[in-house]
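Heads up: the structure comes next, in structure tokens.
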Amino acid sequence: MEAEPCSPGPVWVSEALRVLGTALLGSCAPSTVWFKESSQKNLRSRDFLVPRGALRKSFPDGEVHAGCRSRGCNVPVDLVQTLTSLAAPGLPPVKTCLQSEAGLLIQLDRPAVFHRVLGDFSPYLKPLPCIEDRQETVILNCAPLHGCRSPDTLRLSHLRAALVADHLAGLLTINGKKVSLVPARLCKEVDEFLRQLGISWPYTDDTASLEETVSSFKDFLRDYTQDSGQDSGHVDSTPGGISVQLKIFAEKHNLYMQGYDPNLDFFLVNEDDLQHVARLQRSFQEAVQTSTCTVLHIVSCEEEFHQQKLDLLWRLMVPSNGDVIQKHLICGPVKVLNSTAPIDCSQYFQLRRSQMLEASVMKYGENVQGESWDAMINSLTSAAIKFELMATPHRSQVNLNLKEANITTKGTKSGAFVMYNCARLATMFDSYNSAVRQGTYPEFPPAGDLNYSTLREEGEWLLLFNYIMMFPEVLSQSAQMSLTSPGIRITANTETVCKFLVSLSMDFSCYYNRVHILGEPRPHLFSQMFARLQLMKAVQRVLHSALKTIHISPLTQI
């Protein structure tokens, strides 16, 4: 593979894996031939690795390398030289390519990579560039919210589904998708409660249009049940309704083979069900006017069976929709530990808020009062709740320990810990700016003029290589869903951003506690201080950008 001129643009980990794989084994190389290292121990000696076992399979006739104890694991010398001198757009500059007991390893030219990334880190705050230009709308139907008429009816599993829907809406939007949230109208009390958690659900007064659509659905179902010899019954908001046999429709269209529950048969359709489908129909009609459309039902596991009924009912009542893709993303249950009585969402919020307030008072004393502190406590509470309910894969059960102390800043896996580290960074930059105004430090020079060879700490490369450079990949992977895959159930990586934020905060905290970033005001120390501050700027922007996808406002002071 001939070396291409090195572009001054951004460098990507995924592109490095692709280019290195092609250079090693040709265009048919599997995407997993190279592995990116992530542990601090391994990053001391290498950044990318082809394990020794993979080398044996790819180069079985290679000579014995001086560092290897078994035959058949050595690649040609000229290929090693090619990998060392490789240059291509998007590929980080390579420093060395060596063979070792572990396999074939590459270490990057780290000062050059620091310069390429930190000189302009704005490309690393958004998803990887996407070549797909097809306009697509995803309708996110948060099924539990349809029936919530007050905060008392909003269960913890409902809240979890709402948080997942809200997060997915943000991820899909920044990845170029158009998103429509359903239902487009919530009751005032539920809407106000969700706003405390940073969820601004859209509002549309759809009453008039829904009444017309619901009326037409009732007429259709009466005709359908009569034609099929069923008792049509009546439709109202009481336990009565129209009894519809879904089994005949499902068998006719081979829907059981697609993953629908084989026990789906009769469905007693009431007014709420028809309004639910009417809202879907209206959103679908608006979406298909400008783009292709997929419907993603976000459902708590307790309501999965009922949502499948609504799915089939919609298909039955509006056959003109054709083969609209409907997928179901199931959220696992939320189990409260150490509680003898059920707890609703309002009680959960107030409990976590009181714990945050108590922890803050213990740490800062009587200063914890006033509007600014109220806003900080609410922000910490929102972060704690969101990380508790979202850091677990959506299909798994969440176990809430209401007495657990890990929701405070002392717990390194909590949202409050992430917020605490955001505040540490903000305070550090405030201290620097104050020192500049006092003449203690000089003004910050242009990022492209900094000397990044002064960044030699292991923790500095860890923050750049594992987090800043990986953030575009995290944003892209978090929004990836196989919307056209067989079956009706789908999974998404809705826990990825939370886990990324916790991991970044832990490694940043270790680095911050070990390294004195704002050093003594001596000219010979400024070069390293500025390089470190630029690295911290990038870390801060990544933290803020990631929190934005969960609709959490970062703390600006401790």
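Computed from the coordinates by the stated procedures, all read-outs in this text should not be read as laboratory data. No experiment lies behind these values; they were computed from the predicted model shown. In this analysis, Cβ positions are derived from the backbone assuming ideal geometry, glycine residues included, and neighbour counts consider all displayed protein chains.
Some points to look at:
- Under 11 Å from a label point set 7 Å out along the Cα-to-Cβ vector of residue 427, the amide N atoms of region 341-375 belong to 364.
- Positive-pole candidate from 280, 270, 293, dipole of region 264-306, charges at beta carbon: 293
- Sorting 165-177, 84-96 by average packing, meaning the other beta carbons within 10 Å per residue, from highest down gives 165-177, 84-96.
- Treating r as the C-beta distance of residue 524 and residue 204 and R0 as 56 Å, the FRET efficiency rounds to 0.35.
- Using 0.36 nm per residue and subtracting the Cα-Cα separation, the extra length available between residue 510 and residue 263 on full extension is 83.6 nm.
- Working ranking of peptides 36-47, 290-301 by packing, defined as the average number of other Cβ atoms within 10 Å per residue, highest first, is 290-301, 36-47.
- Look at the alpha carbon pairs under 8 Å that are at least 6 residues apart: their mean separation over the length of region 132-204 gives a relative contact order of 40 percent.
- Built amide H within the under 5 Å cut-off of residue 95, gap 5+: 107, 108, 109
- Excluding same-chain neighbours fewer than eight residues apart, the lysines reachable from residue 363 by a Cα-Cα span under 17 Å are 410.
- Using a cutoff of 8 angstrom between alpha carbon atoms and counting only pairs six or more residues apart, the relative contact order for the chain works out to 16 percent.
- Listed by chain and number, the lysines whose alpha-carbon sits under 28 Å from that of residue 57, ignoring those within fewer than 8 places in the same chain, are 36, 41, 95.
- The label point for residue 122 and the one for residue 369, both projected 7 Å from the Cα toward the Cβ, are 4.6 nm apart.
- Taking amide H atoms as placed 1.01 Å from N in the peptide plane, the amide H of residue 244 lies under 5 Å from those of 267, 268, 269, each 5 or more residues away in sequence or on another chain.
- Degrees separating the helix 345-364 axis from the principal Cα axis of the chain, which is the longest one: 30
- Hits among lysines - C-alpha to C-alpha of residue 247 under 22 Å, sequence gap 8 or more where chains match: 218, 309, 327
- Less than 5 angstrom separates the built amide H of residue 489 from those of 328, all sequence-distant by 5 or more or on a different chain.
- Report summary: the helix-based calculation at 222 nm, which adds -39500 (n - 2.57) for every DSSP H run with n ≥ 4 and divides by the residues of the chain, gives -14500 deg cm²/dmol.
- Computed extension gain for residue 136 through residue 22, at 0.36 nm per residue and net of the alpha carbon distance, reaches 37.8 nm.
- Structural descriptor for region 444-521: relative contact order 31 percent, calculated from alpha carbon pairs under 8 angstrom and at least 6 residues apart.
- Estimated FRET transfer efficiency (residue 291, residue 544; beta-carbon r; R0 35 Å; 0.05): 0.70
- Crossing angle, helix 523-548 versus the chain [Cα axis fit, 0-90 degrees, rounded to tens]: 10
- The angle separating the long axis of helix 271-287 from the principal Cα axis of greatest extent in the chain is about 50 degrees.
- Residues 533, 547, 268 arranged by fewest to most Cβ contacts within 10 Å: 268, 533, 547
- Calculated FRET efficiency, residue 215 to residue 248, Cβ-Cβ distance, R0 = 30 Å: about 0.75 to the nearest 0.05.
- The chain: C-alpha gyration tensor shape, a/c 1.5 cut-off, then a/b vs b/c: oblate
- Stretched out straight at 0.36 nm per residue, the stretch from residue 102 to residue 82 would grow longer than its current Cα-Cα span by 5.2 nm.
- Between residue 272 and residue 346, the modelled labels are 1.8 nm apart [label points 7 Å from Cα along Cα→Cβ].
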